[in-house]
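> Below are the C-alpha cells for one structure; questions will follow.
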Amino acid sequence: MKKLSLIAAAIFSVSAIGSAAAADSLVLEKAGLSLSGIEMPVPPAPKNNQWSTLKKITVNEAQPGMNDTLIGIVAPGQDIGQVIKELNEGGLKAKALQDNNGGYRVIVDVKGLDAADYAVGLARYYYITEVKVGQKVHNQIFSPNTKSTFAVKMGTITGGMNRSPVDLKINKLDWTITGGMNHSPVDVKINHEEKTITGGANHSPIDLKFAWSTEEVTVEGGANHSPVKYTVNWKSGLLEGYANHAPLRLEFNMSEGIADATIVTVKGYANRAPVELVYNKVNGHIGGYMNRSVVDANLVNCDLYDVLQYFFLFMREEPF
C-alpha cells in the first residue's frame, strides 16, 4: 500500500454540510476536499471519494480527549492479520483489538504526527468502516477556521500510452488537470458548483457536464472533436457509453472490502479497439494495452477512479 500521504488523496470535491454559508475548512481545502454544498442526509457522490471518506470520521465519544490515538472499525469478514500488515506497510502504527462481538478494530498511534492527516488516510482504506478521533482532531478536519494542512495536494500520472509520453498533474486545490499526453498539451478545469469540465486536451476543446448519484458518475458533452457520453457505475464495475465516434464499454472490479486484493483488471473496448489493463492498488502502476498500443504508467496521489472518471483524456482523437 502506498505511504499514508498517498492514501489521503481524494477524488471529486464535495460541497458544504447544512447551511454551508461558512467558509470551508482550510484543512479540507488544502487536501483537495470541500464541504460546501452537501445536502443532508446523504449527498450524491460516487463511491470511495471524499464524502465516503469523510463520513467515516466521527468523534470518540467515550474518550473525546484522546487525540493521539485513532480507532478504526474493521468491516466484518476481513483477515485481520493482512489488515494490520497492510496498514503498517502504509505508514500506520496499527495494532488489532477484538471486541466483545467477535469483530475487530485497529488502534493507531499518531502521537507527534499530523493526526488529522492520518485519520483521513485511515478512512481511505476500503475495509475501515469508521474512524473514531478525539474532539481536537475532529475540529481540525471539519472546522472552517483550522490552519492545519494535509500532505497530499497534487496527483500525478506519468509514463506512456497511445505511443506518447504521459505527464499529467491533478491539482486538488484548484481542481485542474494540466500537463501533456497524446502529443498534446492538457489544460482542463473542473468546476464542482456548475458541474462542468472545460478546457483543452488531445488537440481539441473540452466542454463536458458531469452528474453524480450515490453509485455512479456520468460525463456528457464534447471532447476529442466528438460527442461524449458515458456512465461509470462503481457498484456494477461498468463504464459504458460512447466517445470518439465509437461505442465504449469497460468492465472492472475494484475488489472493495477484500483486504488482500491488490490487482484490478479493466477489460472491454474503446476507440474501436480492445482494452485490457491491470492496475496495482499497492504501487499505483497501470499497464496493458488500449488504442492498439502499450500502456505503462504510474499513478501517485490518485487512482483508477480518476482514470475512469476522466477517461476521455486517455483516448486518442482518431482510432488507428
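> Can you put HIS138, HIS245 in order, fewest other beta carbons within 10 Å first?
Ordered from fewest to most neighbouring Cβ atoms within 10 Å, HIS138, HIS245 come out as HIS245, HIS138.
> Could you list LEU173, LEU308 so that the one with the fewest beta carbons within 10 Å of its beta carbon is first and the one with the most is last?
The most exposed by this proxy come first: LEU173, LEU308.
> Right, something else. Quick check: from the Cα gyration tensor, does segment 180-251 come out rounded (a/c under 1.5), prolate or oblate?
Oblate.
> Neighbouring Cβ atoms within 10 Å as the yardstick, rank PHE142, PHE312 fewest first.
In increasing order of surrounding Cβ atoms, one gets PHE142, PHE312.
> Quick check: net charge around SER293, other residues with Cβ under 11 Å of its Cβ, Lys/Arg +1 and Asp/Glu -1?
Taking every other residue near SER293 into account, the sum is +2.
> Mind listing the long-range amide H neighbours of TYR127? Cut-off is under 5 Å, sequence gap 5 or more, other chains count too, H placed in the peptide plane at 1.01 Å from N.
Correct list: GLY257.
> Could you tell me which of the pairs LYS95/LYS169; LYS172/LYS235; LYS136/LYS169; LYS111/LYS195 are separated by over 29 angstrom between their Cα atoms in the structure shown?
LYS95/LYS169; LYS136/LYS169; LYS111/LYS195
No lab work stands behind these numbers, since they all come straight from the coordinates. A quick note: this is a predicted structure, and the numbers were derived from the prediction, not measured. Positions of Cβ are backbone-derived with ideal geometry, glycine not excepted, and every protein chain shown enters the neighbour counts.
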